[in-house]
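The structure appears right after this line, and notes come after that.
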Amino acid sequence: MGTNYYAVRNRPTTEEPIHIGKSSLGWKFNFQTHNEKWNEPSVVWNTYDQVYEWLHKYTVESDLYVIIDEYDEIISFDDFVALVEKKQSENNPDDFTYSKNVNGYRFSDGEFC
């Protein structure tokens, strides 16, 4: 069982949520790769540093976005980072069988749930 996390506008909108990734029991956090340069703000992340910087900029430095889980619970930036760091200690032998290993973090290009 796992939980998906999203970045959503911090106001009513018809904009689609941005899938950050999924936390699953026994696995490192699996990030969704994004290359949406045409969006404003652009969502381009292929590394954990890019995810961290984007989320910090738009959820901490400004309140344009909030992080939520699939149950519509708001997760603070600090709590999300703590979750990712905790998940990094998971050591599933299949961690990188179905996803890319980007500096020790899991990333997937295709859609997943």
Checklist line | Filter result for the condition that a residue is crowded, with 16+ Cβ neighbours inside 10 Å, among the charged types (D, E, K, R) and modelled with pLDDT under 95, over 95, 109, 69, 63 | finding: 95
Check: Any residue at all in segment 56-65 that is of a type outside the set (Asp, Glu), part of a strand (DSSP E or B) and closer than 20 Å to residue 24 by Cβ?
Finding: no
Check: Tell me, which residue of segment 28-55 that is of a type outside the set (Asp, Glu) and in a strand (DSSP E or B) is farthest from residue 107 (Cα to Cα)?
Finding: 43
Next item on the list: Could you run through segment 12-27 and say how many residues are in a loop (DSSP other than H, G, I, E, B) and either within 11 Å of the chain's Cα centre (by Cα) or surrounded by 12 or more Cβ atoms within 10 Å (Cβ to Cβ) (or both)?
Entry: 2
Margin query: Looking at 39, 30 in this structure, which one is surrounded by fewer than 18 Cβ atoms within 10 Å (Cβ to Cβ) and polar (S, T, N, Q)?
Written below: 39
Next item on the list: Go through 81, 43 for me and flag whichever is in contact with a His (Cβ under 7 Å, 6 or more places away or on another chain) and of a type in the set (A, V, I, L, M).
Entry: 43
Note to self: Among (1) basic (Lys, Arg); (2) loosely packed, with under 13 Cβ neighbours inside 10 Å; (3) touching a residue at least 24 places away in the same chain (Cβ under 8 Å), there is one condition residue 87 misses while meeting the rest; what is its number?
What the structure shows: (2)
Note to self: When you scan segment 83-96, do you find a residue that is part of a strand (DSSP E or B) and aromatic (Phe, Trp, Tyr), even just one?
What the structure shows: no
Note to self: What's the total number of residues in segment 56-72 that are aliphatic (A, V, I, L, M) and without any contact (Cβ under 8 Å) to a residue 60 or more places away in the chain?
What the structure shows: 3
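The values are calculated or read from the model by the stated rules, or taken from the named source; none is laboratory data. Model, not experiment: these values are computed from the prediction. When we count neighbours, we look across all protein chains shown, and the Cβ atoms used for this are built from the backbone with ideal geometry, even at glycine.
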